[in-house]
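For reference, the structure is listed below as structure tokens.
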Amino acid sequence: MGGTGTVLRELRGAQKTAKGVSLYSRHVNRPLGRLFAAAAYRVGLTPNHVTLLSALFTFASLASVALVRPSWGLAVAVCAGLVTGFALDSADGQLARLTGRGGPDGEWLDHVVDCAKMILAHTAVLISFRRFFELPSERWLLLPLGFLFAAVLTFCAGLLREQLGRAAALGGSTEGGGAPVRVSRARAVALLPADYGVFCLLFLLLGDPAAFRLGYAVLAAAHALFLVLFLVKWFRELRAFRTPD
């Protein structure tokens, strides 16, 4: 396929739509993932290899949150590990589209790793809260559980929306026809609090437990709000696929 520059151009051409994607994913995570995908292609890695590398960086970083006392050094290391893991999570799909080597096994593995990292992320924060933080009240330990609930339910409901919508479209319904996709910058900004990349950046505050706790609470509230908005939106979209009586 040629040099790295050629591979990067091919990857840009195989990029997924920017609709419904926040500014972080569009301008940071996807471009970084493109670099990782090009590097993976050059050394002969498969998309599944890249997925497992993503899991390695992510799970090692989250284990550090649970096991190591918060400090600024830990904050930088964890943030870097999570950002790298997230970019590799983008790279596996880009590499699959570039090489045509994607498949149900790769999609399944990717979703398993995504679900595992959400569960482990908030479990790690809960453990860190319990072991290392001077909490104003024990009730703060409920916050990671609530955040976990919102994150996992959003993930599962969104995945079902995608699968059921795809099945309904194959059955004869349409989803927007062939109209060009409009990408709203305002929407991309509004989606930032729900972006996993912003959650990764939150760990830069881990050196200041009070600031981290506040930032974590703000993101938890944002995710709870987005959960309600997404559930209403997806329910209405799926209801539109119903066959008229």
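The values are calculated or read from the model by the stated rules, or taken from the named source; none is laboratory data. All values derive from a computational prediction rather than experimental measurement. FYI the Cβ positions are ideal-geometry reconstructions off the backbone, even for glycines, and counts take in every protein chain you see. Surface accessibility is based on the protein's heavy atoms, side chains included, excluding ligands, DNA and RNA. Shrake-Rupley method; radii C 1.70, N 1.55, O 1.52, S 1.80 Å.
How much length, in nm to one decimal, is gained on full extension between W140 and F235, taken as 0.36 nm per residue of separation minus their Cα-Cα distance?
Extra length from W140 to F235 when fully extended: 31.0 nm.
When a/c is below 1.5 the answer is rounded, else prolate if a/b is larger than b/c, else oblate, so apply that to the stretch 38-111 with a ≥ b ≥ c taken from the square roots of the Cα gyration tensor eigenvalues.
Prolate.
So what are the ³J(HN,Hα) numbers for the stretch 135-145, from phi and the Karplus equation (6.51, -1.76, 1.60; θ = phi - 60°), rounded to whole Hz, Gly and Pro as x?
Rounded to whole hertz, the list is 7, x, 7, 4, 5, 4, 5, 6, 4, x, 5.
Report, in debye and to the nearest 20, how large the dipole of the stretch 195-245 comes out about its Cα centre when Lys and Arg carry +1 and Asp and Glu carry -1 on their Cβ.
200 debye
Roughly how many debye, to the nearest 20, is the charge dipole of the chain about its Cα centre, given +1 on each Lys and Arg Cβ, -1 on each Asp and Glu Cβ, and no other charges?
Dipole of the chain, to the nearest 20 debye: 560 debye.
Could you tell me which of rounded, prolate or oblate describes the chain, using a ≥ b ≥ c as the square roots of the eigenvalues of the alpha-carbon gyration tensor, with rounded for a/c under 1.5 and, failing that, prolate when a/b is larger than b/c and oblate otherwise?
Oblate, because a/c is 1.5 or more while a/b does not exceed b/c.
Can you grab the distance from the C-alpha centre of the stretch 194-245 to the C-alpha centre of the stretch 17-96, Å, no decimals?
20 Å
Which value, in debye to the nearest 20, gives the size of the charge dipole of the stretch 37-125 about its Cα centre, when Lys and Arg are +1 and Asp and Glu are -1 at the Cβ?
That gives a dipole near 240 debye.
Calculate the spin-label point distance for V218 paired with A186, positioning each point 7 Å from the Cα along the beta-carbon direction, and give it in nanometres.
Here the answer is 2.3 nm between the modelled labels.
Quick check: net charge around L219, other residues with Cβ under 13 Å of its Cβ, Lys/Arg +1 and Asp/Glu -1?
Residues close to L219 contribute a combined charge of 0.
Work from the charge dipole of the chain (Cβ charges, +1 for Lys and Arg, -1 for Asp and Glu, about the Cα centre) and give the residue of A168, G85, G44 farthest towards its positive end.
A168
Would you check the accessible area of D110, probe 1.4 Å, heavy atoms only, in square angstrom rounded to 10?
Answer for D110: close to 30 Å² accessible.
Measuring with a 1.4 Å probe in the full set of protein chains, what accessible area per residue, in whole Å², belongs to the chain?
Dividing the accessible area of the chain by its residue count gives 54 Å².
Using a 1.4 angstrom probe on heavy atoms only, work out the carbon and sulfur share of the accessible area of the chain in %.
Summing carbon and sulfur atoms, their accessible area is 65 percent of the total for the chain.
Would you mind computing, in nm to one decimal, how far apart the modelled labels at R130 and L159 are, each placed 7 Å from Cα along Cα→Cβ?
Simple spin-label model gives 2.5 nm for this pair.
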